[in-house]
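Q: Mind having a look at this structure? Questions to follow.
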Amino acid sequence: MFSLEKKITNFICEKKWWLLGIATTILALAIRYAGRKFISGDAVYFLIPWFDLIKENGGVNSLQMQVGDYNIPYQFFIALTTYIPNLSQMTLIKVLSVVFDFILAISSGLLAAELGSKENRKIIFTVTYAAVLMLPTVILDSAYWGQCDSIYVSFIVLALYFLKRRKFISSFILLGVAFAFKLQFVFIIPFFFYVYFTKKNYSILNYFIIIIVNYIACLPGFIFGRSILAPILIYTNQSDQYKNMMMNFPNIWGIFGNNNYEYLKSFGIMFVVFLLGMGLVLVLHYDIDIMSNRFFLPVACWTVWSTVMFLPGMHERYAYLLEILLVILTIGQRKYATVTIVALFVSLNAYSFYLFGNEYSMPLIGSVYFADYIIFTFMIFKELTNGDNRKLQIN
């Protein structure tokens, strides 16, 4: 017996990283299964009625009309699920998002391993895979809320992975797929412009790939008679749908200004353009190698965070991409752990407020989130202007 016990413990110690991945996968499935019956407000007023309307209009035949405010590829996926019998609407909607939770975890593991040391890539991949898969906001978003943020973020993370490997065509194709699912893919576009201006190793024409791929992804809709302008109109209608500076998202507008959309919308947009422009000037001025493992994710996180912090009309889930990137960053560079934990805590408060009715002070949480962003900005600026990085001096 002792000999058998010793063999088992030795096997566990030897295969610990594989076993961690397997155990996490099982636990992730179990915890998502536990949320299968939870119905959110979005499900009651939007997701379930959309599903029913798609089914009533013949599944894929419904593609001839716009149902809901998501783009054609997502409607196509939902239309396919309507043919699956004996499962509720929310189960089918959630299963699609849960599948992409796993794709997101794998994609995140690949990106983290690419940015890590070669000898530890297996460990880095497994830890990242487990961390992303068990992240509370990822679980709540798909298995409880029934939202599809894991879909477009999976493709963005893969786009970053191929960008880091200098596979530029593949990267932009994946960006196009992300665009086909969510307009919020634009949060990562400033970082791609940073890479374009600093490295100059791909053409500006690559950005047309995004539009082409979006239209290819919308082909099912065109086959059923949708207008060629449909993919554009869906997103323009989305951007005009809500007239609030923020929708339960604790950014700067959670502290003040939420009821002044008419007067502050343009200010918020222009300020983001200015801020990101200043960041690009600093990166160019200090001749930073933005594709290096040291700066790739920190700068990507900062551009995304600056965008969601000041843009108007942000919803509570719009920091989803940022949180995934912060987790990947922290696994590689642990000095960002505190900033990441605070950002995740703030986001979890916003999720809990919407899903479970937990009360919290928006100005207080917004102030904490803004302070966290400022600290992260200071850390990035310090890193960029560090003596061993600096090739130029500010005049």
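The values are calculated or read from the model by the stated rules, or taken from the named source; none is laboratory data. Values in this document were obtained by computation on a predicted structure and should not be read as measured data. No Cβ is skipped: glycine too gets one built from the backbone with ideal geometry, and neighbour counts run over all protein chains shown. These area figures cover heavy atoms from the full protein model, side chains too; ligands, DNA and RNA do not enter into them. Shrake-Rupley method; radii C 1.70, N 1.55, O 1.52, S 1.80 Å.
Q: What is the number of the single condition among (1) assigned to a loop (DSSP other than H, G, I, E, B); (2) buried (at least 20 other Cβ atoms within 10 Å of the Cβ); (3) among the aliphatic types (A, V, I, L, M) that MET291 does not meet?
A: Every listed condition holds for MET291 apart from (2).
Q: Of everything in region 265-288, what is among the aliphatic types (A, V, I, L, M) and in a helix (DSSP H, G or I)? Give them in sequence order. Break it down into steps so the answer makes sense when it comes.
A: So in region 265-288, the residues among the aliphatic types (A, V, I, L, M) come out as 269-270, 272-273, 275-276, 278, 280-284, 288.
Hits for region 265-288 are ILE269, MET270, VAL272, VAL273, LEU275, LEU276, MET278, LEU280, VAL281, LEU282, VAL283, LEU284.
Q: Exactly one of these conditions fails for MET379: (1) surrounded by 21 or more Cβ atoms within 10 Å (Cβ to Cβ); (2) touching a Lys or Arg at 6+ places or on another chain (Cβ under 8 Å). Give me its number.
A: Against the list (1) surrounded by 21 or more Cβ atoms within 10 Å (Cβ to Cβ); (2) touching a Lys or Arg at 6+ places or on another chain (Cβ under 8 Å), MET379 comes up short only on (1).
Q: Checking VAL153 against (1) modelled with pLDDT under 95; (2) open to solvent by less than 30 Å² (accessible area, probe 1.4 Å): exactly one of these is not met. Which one?
A: Of the numbered conditions (1) modelled with pLDDT under 95; (2) open to solvent by less than 30 Å² (accessible area, probe 1.4 Å), the odd one out for VAL153 is (1).
Q: Condition check: open to solvent by 30 Å² or more (accessible area, probe 1.4 Å) and among the hydrophobic types (A, V, I, L, M, F, W, C). Does MET309 satisfy that?
A: No; evaluated as a whole, the condition is false for this residue.
Q: Quick one: in region 103-159, which of the residues that are among the aromatic types (Phe, Trp, Tyr) and assigned to a helix (DSSP H, G or I) is nearest to the chain's Cα centre (by Cα)?
A: First, the residues of region 103-159 that are among the aromatic types (Phe, Trp, Tyr): 125, 129, 144-145, 152, 155.
So of that shortlist, the ones also assigned to a helix (DSSP H, G or I) come out as 125, 129, 144, 152, 155.
Numbers: PHE125: 18, TYR129: 15, TYR144: 17, TYR152: 7, PHE155: 9 Å.
Per the stated criteria, the residue is TYR152.
Q: Tally up the residues in region 1-42 that are surrounded by 11 or more Cβ atoms within 10 Å (Cβ to Cβ) and polar (S, T, N, Q), please.
A: Summing the residues that are surrounded by 11 or more Cβ atoms within 10 Å (Cβ to Cβ) and polar (S, T, N, Q) in region 1-42 gives 3.
Q: Mind counting the residues in region 92-127 that are of a type in the set (Ser, Thr, Tyr) and open to solvent by 10 Å² or more (accessible area, probe 1.4 Å)? Quick ask: steps written out before the conclusion?
A: Let us first name the residues in region 92-127 that are of a type in the set (Ser, Thr, Tyr), namely 97, 107-108, 117, 126.
Going one step further and asking which of them are open to solvent by 10 Å² or more (accessible area, probe 1.4 Å), we end up with 117, 126.
Total satisfying the criteria: 2.
Q: Pull out all pairs, ordered by first then second residue, where Cβ-Cβ is under 7 Å, the residues are six or more apart or on different chains, the first lies in region 111-130 and is closer than 18 Å to SER292 by Cβ, and the second is open to solvent by 60 Å² or more (accessible area, probe 1.4 Å) and among the hydrophobic types (A, V, I, L, M, F, W, C).
A: ALA112/PHE125; ALA113/PHE125
Q: Please go through region 294-345 and pick out each residue that is closer than 26 Å to SER142 by Cα, in contact with an Asp or Glu (Cβ under 9 Å, 6 or more places away or on another chain) and part of a loop (DSSP other than H, G, I, E, B).
A: Scanning region 294-345 gives ARG317, TYR318.
Q: Oh, and also: Of the residues in region 37-69, how many are among the charged types (D, E, K, R) and closer than 20 Å to SER142 by Cα?
A: We begin by selecting, within region 37-69, every residue among the charged types (D, E, K, R); these are 37, 42, 52, 55-56, 69.
Narrowing further to those that are closer than 20 Å to SER142 by Cα: 37, 42, 52, 69.
Result for region 37-69: 4.
Q: Tell me whether region 241-250 contains one or more residues that are assigned to a helix (DSSP H, G or I) and either out of contact with any Pro (no Cβ under 6 Å at 6 or more places or on another chain) or at pLDDT 95 or above (or both). Can you show your working first?
A: So the first thing to find is which residues in region 241-250 are assigned to a helix (DSSP H, G or I), and the list is none.
The answer is no, given that none of the residues of region 241-250 is assigned to a helix (DSSP H, G or I) and either out of contact with any Pro (no Cβ under 6 Å at 6 or more places or on another chain) or at pLDDT 95 or above (or both).
Q: For GLN89, all conditions in the list (1) open to solvent by less than 10 Å² (accessible area, probe 1.4 Å); (2) at pLDDT below 95 hold save one; what is the number of the exception?
A: Status for GLN89: all satisfied but (1).
Q: Turning to a different aspect of this structure: Any chance region 128-136 includes a residue that's β-branched (Val, Ile, Thr), farther than 27 Å from VAL283 by Cβ and either buried (at least 22 other Cβ atoms within 10 Å of the Cβ) or in contact with a Ser or Thr (Cβ under 9 Å, 6 or more places away or on another chain) (or both)?
A: Of region 128-136, the ones β-branched (Val, Ile, Thr) are 128, 132.
Cutting the leftovers down to farther than 27 Å from VAL283 by Cβ gives us 132.
Going one step further and asking which of them are either buried (at least 22 other Cβ atoms within 10 Å of the Cβ) or in contact with a Ser or Thr (Cβ under 9 Å, 6 or more places away or on another chain) (or both), we end up with 132.
Yes, region 128-136 contains a residue that is β-branched (Val, Ile, Thr), farther than 27 Å from VAL283 by Cβ and either buried (at least 22 other Cβ atoms within 10 Å of the Cβ) or in contact with a Ser or Thr (Cβ under 9 Å, 6 or more places away or on another chain) (or both).
Q: Another question, if that's okay. Can you pull out every residue in region 14-28 that is free of Cβ contacts under 8 Å to residues at least 12 places away in the same chain, out of contact with any helix residue (DSSP H, G or I) (no Cβ under 8 Å at 6 or more places or on another chain) and in a helix (DSSP H, G or I)?
A: First pass over region 14-28, keeping only residues free of Cβ contacts under 8 Å to residues at least 12 places away in the same chain: 14-16, 19, 22-23, 26.
Filter once more, so that each one left must be out of contact with any helix residue (DSSP H, G or I) (no Cβ under 8 Å at 6 or more places or on another chain): 14-16, 22-23, 26.
The answer is GLU14, LYS16, ILE22, ALA23, ILE26.
Q: Give the number of residues within region 219-264 that are closer than 24 Å to ALA343 by Cα and open to solvent by less than 70 Å² (accessible area, probe 1.4 Å). Before the answer, list the steps.
A: Taking region 219-264 as the starting set, the residues that turn out to be closer than 24 Å to ALA343 by Cα are 244-258.
Checking the rest, the ones that are also open to solvent by less than 70 Å² (accessible area, probe 1.4 Å) come to 244-255, 257-258.
Selection size over region 219-264: 14.
Q: Take the residues of region 198-209 that are open to solvent by 60 Å² or more (accessible area, probe 1.4 Å) and under 16 Å from GLY176 (Cα atoms): which is modelled with the highest pLDDT? Outline the logic, then answer.
A: Restricting attention to region 198-209, the residues satisfying the condition of being open to solvent by 60 Å² or more (accessible area, probe 1.4 Å) are 199-200, 204-205, 208.
Cutting the leftovers down to under 16 Å from GLY176 (Cα atoms) gives us 204-205, 208.
Numbers: ILE204: 92, LEU205: 93, PHE208: 96.
In this case the residue turns out to be PHE208.
Q: Pick out the one residue from ILE216, ILE212, ILE223, ILE255 that is modelled with pLDDT of 90 or more and either in contact with a Phe, Trp or Tyr (Cβ under 8 Å, 6 or more places away or on another chain) or over 30 Å from GLY109 (Cβ atoms) (or both). Walk me through it before giving the result.
A: Values: ILE216 fails: either in contact with a Phe, Trp or Tyr (Cβ under 8 Å, 6 or more places away or on another chain) or over 30 Å from GLY109 (Cβ atoms) (or both); ILE212 fails: either in contact with a Phe, Trp or Tyr (Cβ under 8 Å, 6 or more places away or on another chain) or over 30 Å from GLY109 (Cβ atoms) (or both); ILE255 fails: modelled with pLDDT of 90 or more.
Going through ILE216, ILE212, ILE223, ILE255 in turn, the sole match is ILE223.
Q: Let me ask something else about it. If you take the residues of region 43-52 that are open to solvent by less than 60 Å² (accessible area, probe 1.4 Å) and of a type in the set (Phe, Trp, Tyr), which of them is nearest to MET65 (Cα to Cα)? Step through it out loud before you land on a result.
A: Taking region 43-52 first, the residues open to solvent by less than 60 Å² (accessible area, probe 1.4 Å) are 43, 47-52.
From what's left, of a type in the set (Phe, Trp, Tyr): 50-51.
On the way: TRP50: 12, PHE51: 13 Å.
Top of the filtered list is TRP50.
Q: For region 178-197, name all the residues that are open to solvent by less than 30 Å² (accessible area, probe 1.4 Å), in contact (Cβ under 8 Å) with a residue 24 or more places away in the chain and part of a helix (DSSP H, G or I).
A: Those that are open to solvent by less than 30 Å² (accessible area, probe 1.4 Å), in contact (Cβ under 8 Å) with a residue 24 or more places away in the chain and part of a helix (DSSP H, G or I): ALA178, ALA180, PHE181, GLN184, PHE185, PHE187, ILE188, PRO190, PHE191, PHE192, TYR194, VAL195.
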